[in-house]
1. Give, rounded to the nearest 20 debye, the magnitude of the charge dipole that region 152-316 has about its Cα centre when Lys and Arg contribute +1 at Cβ and Asp and Glu contribute -1 at Cβ.
2. Beyond a 20 Å Cα-Cα separation, which of these cross-linked pairs lie in this structure: LYS19/LYS46; LYS172/LYS214; LYS139/LYS473; LYS250/LYS523?
3. If neighbour count is taken as other Cβ atoms inside 10 Å, put THR253, THR236 in order from fewest to most.
4. If each residue of separation counts as 0.36 nm, what is the full-extension length gain between ALA198 and GLN251 once their alpha-carbon separation is subtracted?
5. To make sure I understand, if each residue's beta carbon is the centre and we count other beta carbons within 10 Å, what order do MET175, MET565 fall in, fewest to most?
6. With N denoting the number of residues in region 152-316, provide Rg(C-alpha) divided by 2.2 N^0.38 Å, to two decimal places.
7. Once you have a ≥ b ≥ c as the square roots of the Cα gyration tensor eigenvalues for region 118-222, tell me rounded if a/c is under 1.5, and otherwise prolate or oblate according to whether a/b is larger than b/c.
8. To make sure I understand, if each residue's beta carbon is the centre and we count other beta carbons within 10 Å, what order do VAL252, VAL529 fall in, fewest to most?
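What follows draws every value from the coordinates through simple rules; no lab data is involved. Nothing here was measured: the structure is a model prediction, and the numbers come from that model. Backbone-built Cβ (ideal geometry, glycine too); neighbour counts: all protein chains shown.
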Amino acid sequence: MKTKVAINGFGRIGRNAFKIAFERQDLEIVAINDLTDTKTLAHLLKHDSTYGAYQHDVSSDEQNIIIKDSPIKALAEKDPAKLPWGDLGVEVVVESTGLFTDPAKARAHVEAGAKKVVISAPSDGDGAQTVVIGVNDDKLADAGDVISNASCTTNCITPVMGVLEAEFGIEKAMMTTIHSYTQDQRLQDAPHKDLRRARNAATNIVPTTTGATKAAAKALTALEGIFGGLSIRVPTPVVSLSDFVIVTRKQVTIEEVNAAFKKATSNPFYQGILDITEEELVSSDFIGNSHSAIVDLKLTAVVGGNLVKVVAWYDNEWGYSNRLVELTADVGRLLQGGASEDSKVKKTEEAKEDTDAKSAHHHHVDEKDKPLLLPSEAIGDTHKDLLETSVPNLEAKEKELLPAEDGDKSAVGEDTGGAGYIIGDDQPKHPLPSDATNIDGVHRNIALASDHAGLEQLKELLPYLESLGHGVKNFGPKNLNPNDDYPDFIIPAAKAVAANECERGIVLGGSGQGEAIAANKIKGIRCAVFYGPAVPRKVVDATGRTSHDPYEIVRLSRQHSDSNMLSLAARFVTLKDMKQVIKLWLDTPASSEERHQRRIGKLDGLGS
């Protein structure tokens with residue numbers, strides 16, 4: 001079933017978004033709204049001074065623009081609250097007028113009958129979740145009825161800064177965007193509230209402000225308070241360039257910085273979002289490029305070991321419009337997945353059939369709709385080539401790290417009745433999913449293992465994972481005695497994930513640290529640890545992949561492909577919290593072709 005979409009504002013972004021959405025299988029544009037006549041709307045859609053003529057036949061009548069003999073209703077209503085979205089069955093409105101960036105004003109579309117609004121700009125005020133595809137789209141599931149796609153510049157700079165933060169750490173940074181002129185500037189000198197933008201855009205270099213760095217910090221919170229910038233508008237119609245100057249926490253070289261971006265672009269999660277070039281190109285070479293950012297590796301520079309310059313190109317119209325449509329499709333997918341119990345079941349059944357046919361990442365669902373249960377067997381010496389180094393006796397290592405007692409259970413996340421997740425008095429509340437069926441009917445093959453410390457939780461997690469529709473390959477529990485070695489149950493589970501016999505792995509141990517240390521010895525495995533606040537500080541410092549923020553686990557998993565395994569601290573995390581964090585982690589699309597196919601609308605099951 002396609003998501004019904006309306007576009008409010010048929011300017012540069014609105015028309016580009018229309019062209020992109022029209023080609024997708026999961027979206028149906030049912031109406032556009034702009035304060036002009038249909039003949040003008042059709043003409044501007046057909047003829048574009050930057051991108052050339054539209055590939056499809058375009059015509060119009062008094063009430064519609066007509067694309068390939070398909071009429072699309074054209075409205076000219078100034079007040080969004082009076083638009084007939086309810087009568088037209090509109091589910092998502094793309095708000096691209098530039099006039100209703102205040103979430104309270106954008107919410108007029110909801111009053112008119114729409115279910116969600118996606119603003120094609122940074123939100124002006126509270127009440128909208130900022131989502132940057134490729135950075136924090138895990139926040140979308142918990143977003144309200146108004147979502148901001150941020151700005152074109154934010155979509156460029158945030159993935160770039162995300163890579164730098166993940167690889168080297170950022171102490172502080174500045175950004176200058178050399179930006180093509182926009183409709184907000186004057187073609188000839190004329191009044192404008194920004195006196196520089198009041199000057200002729202076609203013959204001047206115009207310094208002005210940008211909200212991109214502030215919006216970037218909303219999507220990537222590590223940038224809050226340490227990232228600033230400005231915009232320099234120049235006399236080109238499209239394509240812009242972001243010039244970053246970053247003080248990194250680590251000493252780096254040009255080669256290391258460029259290697260980090262090469263590594264990131266080889267990650268399927270960044271397909272269509274982040275790219276690199278080593279050619280000596282100019283702005284016109286990037287017209288029509290759909291990536292959010294293209295890092296120009298020839299321009300990378302480093303001074304003094306930690307002062308880094310990075311330059312990234314972006315088509316500020318076409319690239320941004322692609323992200324806008326992808327976000328709209330994601331919003332529609334979530335709406336349809338939760339529209340009703342009947343549609344949820346139908347969607348789950350469709351996804352089971354289609355993902356089996358299209359993705360090797362999903363296991364087969366049998367005729368009885370039961371999860372695949374694999375035998376409880378260890379791989380043993382299989383895949384010896386995956387083991388990078390020998391693994392120490394981690395039983396002794398954990399005894400060294402852990403206190404004699406099992407930890408203060410009272411300090412672990414309190415029961416919030418499903419409303420959220422709280423860790424300690426100084427930690428924010430994070431809304432987490434309920435125990436409902438996993439989204440989209442995505443079913444994963446899970447390698448599950450535990451030692452004696454996690455035995456009781458493992459007994460509960462087995463049926464829980466099955467109830468979510470996941471298959472389980474059980475490598476535990478192992479009732480270890482003091483002479484047993486942790487790798488007896490960790491290594492086979494990690495090898496199963498590394499060899500793609502299981503998509504993801506979950507291990508349970510006392511602190512979770514020993515398990516992660518062992519798993520990380522396997523090539524291709526990145527094991528994150530969810531440890532809870534009661535774990536001793538020296539355990540937290542043992543590895544850089546620990547967190548008691550559930551969304552940090554998701555960020556590691558989705559943004560950086562940095563956790564295909566999850567280790568849970570059985571002594572410090574309650575069973576309820578384990579279930580919620582596991583569900584959040586498993587519900588996120590894998591950093592794989594799965595995410596890319598969903599992004600471009602070519603994964604069956606997203607629409608008819």
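1. 620
2. LYS139/LYS473; LYS250/LYS523
3. Numbers: THR253 12, THR236 18.
The order, fewest Cβ neighbours first, is THR253, THR236.
4. 14.7 nm
5. MET175, MET565
6. Relative to the rule-of-thumb radius for its length, region 152-316 sits at 1.04.
7. oblate
8. VAL252, VAL529
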